[in-house]
Amino acid sequence: MYCIKCGVELRDSEKVCPLCKTLVFHPEMPLPDGEKPYPEYVAPVKRFNRFGTLFVLSFVFLIPALITLLIDLKINSAVVWSGYVIGGLVVGYVAAVLPFWFKHPNPVIFIPCTGAAAMLFLLYICLATHGRWFLPLAFPISGIATLLITAVTALLKYLKRGKLYVIGGASIALGGFSILIEMFICITFKARFVFWSVYPFAACLLVGLLLITIAVCKPLRRTLDKRFFI
Ligand SMILES: [Zn+2]
């Protein structure tokens, strides 16, 4: 008889290995009623502390914000450039840390939150630099981008089937979005419409149509499944 863990030779009377204290397993010896021939499995205790990590991460964002604010106030006696740093940190915090304070973060809620934070940050930059580009350019573009990403995320999350249609449709919408971006840029800066957006639109349209064709045509999908294991 040998120890199952360390391999040391054991006497038949031994119940526990004298060297490594592992329970001795005798496959041929009768066991008392109810006793299992192997030790109970004890699940390892999770040592990851979510809230502790989130507190540390919050300080990682808070400390540079405070330091930049203090330096700015010391040099300029006003918020001159630290506002941009703090705004960027706030947007980063809303995007990367805030959702994890919740037990089951829902991207359909947190993507619009991040979009709103980014829009407010852009508004701040626009006002601080006396720009006129927020309403005609930054607001519609960031608003449409947020809506698009939220809609695609929601559809992918809640639809059981038809994900290829969603991704194909999203690709076409992205192409259309590039035309809108060029339009908003032309309106804001009174530039000439040079149709650069036609190229990304055409590429996105092709990818979208290809995905939808694959989704529609079942034999084609099966062949691709077999070939690429998707
Ligand atoms: Zn042993």
Quiz item: Take the residues of region 7-23 that are under 20 Å from Tyr41 (Cβ atoms) and part of a loop (DSSP other than H, G, I, E, B): which is farthest from the ligand (Cβ to nearest atom)?
Solution: Lys15
Quiz prompt | Gly143 being outside the structural domain of Leu211 (by TED's automatic domain parsing), surrounded by 18 or more Cβ atoms within 10 Å (Cβ to Cβ) and under 22 Å from the mean Cα position of the chain (by Cα) | solution = no
Exercise. Tell me which residues, restricted to region 151-183, are of a type in the set (Phe, Trp, Tyr) and modelled with pLDDT of 95 or more.
Key: Phe177
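Condition check ((1) farther than 28 Å from Ile109 by Cα; (2) β-branched (Val, Ile, Thr)) across all residues:
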residue	(1), (2)
Leu159	no, no
Ile185	yes, yes
Lys190	yes, no
Ile212	no, yes
Quiz prompt | Selection status of Ala128, closer than 27 Å to Tyr93 by Cα and modelled with pLDDT of 95 or more | solution = no
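The values are calculated or read from the model by the stated rules, or taken from the named source; none is laboratory data. This one's a predicted model, so the numbers in the text were calculated from it and none came from an experiment. FYI the Cβ positions are ideal-geometry reconstructions off the backbone, even for glycines, and counts take in every protein chain you see.
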